[in-house]
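The next block holds one structure in the form of structure tokens; read it before the comments.
Each reported figure results from applying straightforward, stated rules to the coordinates on display, with no laboratory input. As the structure is a prediction and not an experimental result, all values here were calculated from the model. Methodologically, a virtual Cβ is constructed for each residue, glycine included, from the backbone with ideal geometry; neighbour enumeration extends over all protein chains shown.
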Amino acid sequence: MIVHLCGNLGAGKTTTAHAMQARAGWPVVSVGRLRNTVQDEDRVWAEVVPRLWRAWDSPFLIPGRTGIWVSTGLNWRELVAWERHAPRYVFRVWLTAPVTVLRQRFSVRQTGNEGYWPYQDTAADLLERFLRYDSAAVPLPWPTDLQVNTATMPVEDVVDLIISRCRRGIK
């Protein structure tokens with residue numbers, strides 16, 4: 001099963017993913033890190049991502065057959081990949097927080113080697129553009145199985161909620 005954690009910059013995707021990995025043993029793949037490792041956008045979406053998704057496309061929540069996919073979820077190439085290589089077993093979680101919290105988290109964020117090069121925006125512009133989803137000004141680009149406001153509960157509770165809902169979803 002692919003547990004897709006998506007949401008705006010500062011929503012807590014990476015923090016949640018690593019807490020889930022520590023709890024369940026599932027590997028984490030961040031789209032930004034993957035793109036920077038492979039450094040060939042066409043190869044990432046045509047070869048690497050479909051191979052990874054096929055490996056995880058299982059109804060079982062076990063290490064080796066389950067992985068955590070971390071992305072904003074709004075890169076057009078990723079949207080195309082979801083259409084072309086649609087896995088059957090995806091549990092999609094939109095992580096959000098109040099706009100003021102997202103802006104505050106983003107302002108203190110350490111910029112890593114994830115980059116925003118598929119977008120033609122700066123990270124700050126990207127944050128502002130994606131806020132329209134968090135404020136419900138526009139609908140999310142796909143259905144979600146769960147939406148979680150990460151400002152209202154500790155990360156351990158977020159992880160418990162996601163894992164329990166994943167288990168419930170596959171029965």
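Here are the numbers:
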{"quantity": "In nm, spacing of pseudo-spin labels at Arg51 and Trp142 (7 Å Cα→C-beta vector)", "calculated": "2.1 nm"}
{"quantity": "Per residue convex hull volume, Cα atoms of region 2-170, in Å³", "calculated": "110 Å³"}
{"quantity": "Cα gyration tensor, region 1-78 - rounded (a/c under 1.5), prolate or oblate", "calculated": "oblate"}
{"quantity": "Calculated [θ] (222 nm, deg cm²/dmol) that DSSP helices of n ≥ 4 give over the chain, each run adding -39,500 (n - 2.57)", "calculated": "-13000 deg cm²/dmol"}
{"quantity": "Inter-site label distance for Trp76 and Asp160 at 7 Å from Cα along Cβ, in nm", "calculated": "4.3 nm"}
